Amino acid sequence: MKSKTPTRRASPKPTKLTQASSKKTASARSVGEPSGPRILALGTRSPANWDFSERLRLARLLHDKCELAESRASFESILVDGREAADVEVVIECLIGLLRLSAEALDGERIRLIESQLDQLEKSAATKLPPLHWLAKGMVAARQGEPRRAIRHYLRYSRQCRRSTRAGHRYSPYTREEGAVRAWIHIVAALKDLGNTGRAEAIAQSLVRNWVPKRLPMVNAHIFHVMGRIE
């Protein structure tokens, strides 16, 4: 009798789901690498509903609640999908969110990478960066020990917010009022870093009188947080 030659099993072909998952993970990881992600290589698909507004809202909420690792992971995931959907505004909003997180982490290399990508994206896509970009740049300057430069950026953010009915693109998180008050919250902290405690206290008390009764989402918590810093 002839012995049967054992047949070799073919490796299972990767499904579309596993391919998409591995691709998304690799792209998200590349955000922090020196070479950076291919932010400008936007896709061409236009799915009916990516639900970007809600996902961006949740990513920012995680940041406001100081759940920074979770917020970063959310922004990176949305960034990948934004590129696939060829949505420049989503890509910009994600990069700004990641820039703010990088400022919190004092990650100088990542800050330079993201700022460079934002500049390139603005030039290549002929898209004006939203006001929130200046808030992020102010946070970077403040964390780098340059409170005067930070205040200049915060004031520019406040001015741009007042000029628009919404503080930026359709995905921007704040109304004109919310954007303005957040700018002044950061200005109070920067004045405290400059040693101008009297001016910082006066502005903080004004924020308490004028804004706390309005009960804007997450704003009151930030006002009382900055009050705690200067007392």
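Throughout, read-outs are computed from the coordinates displayed, never taken from laboratory work. What you see is a predicted model, and the numbers here were worked out from it, not measured in a lab. Please note: Cβ atoms are built from the backbone with ideal geometry, for glycine as well, and neighbour counts cover all protein chains shown.
Table for the structure above
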quantity: Relative exposure of Asp51, Asp193, Asp64, Asp81, judged by other C-beta atoms within 10 Å (fewest first); calculated: Asp51, Asp64, Asp193, Asp81
quantity: All aspartates and glutamates inside 12 Å of Lys214 as judged from Cα atoms, apart from same-chain residues fewer than 8 positions distant; calculated: Glu177, Glu178
quantity: Given charges at beta-carbon only (K, R positive; D, E negative), |dipole| of the range 84-146 in Debye; calculated: 200 debye
quantity: Counted charge near Arg162, where neighbours are those whose Cβ lies closer than 10 Å (Asp, Glu -1; Lys, Arg +1); calculated: +2
quantity: Rough spin-label spacing in nm, given labels placed 7 Å along Cα→Cβ, for Lys214 and Lys128; calculated: 2.2 nm
quantity: Highest to lowest packing among 88-99, 107-118, scored as the average C-beta count within 10 Å; calculated: 88-99, 107-118
quantity: Only Lys, Arg (+1) and Asp, Glu (-1) charged, at Cβ; the range 96-190 dipole about Cα centre in debye; calculated: 420 debye
quantity: Exposure proxy ranking, count of Cβ atoms within 10 Å, fewest first, for Met139, Met227; calculated: Met227, Met139
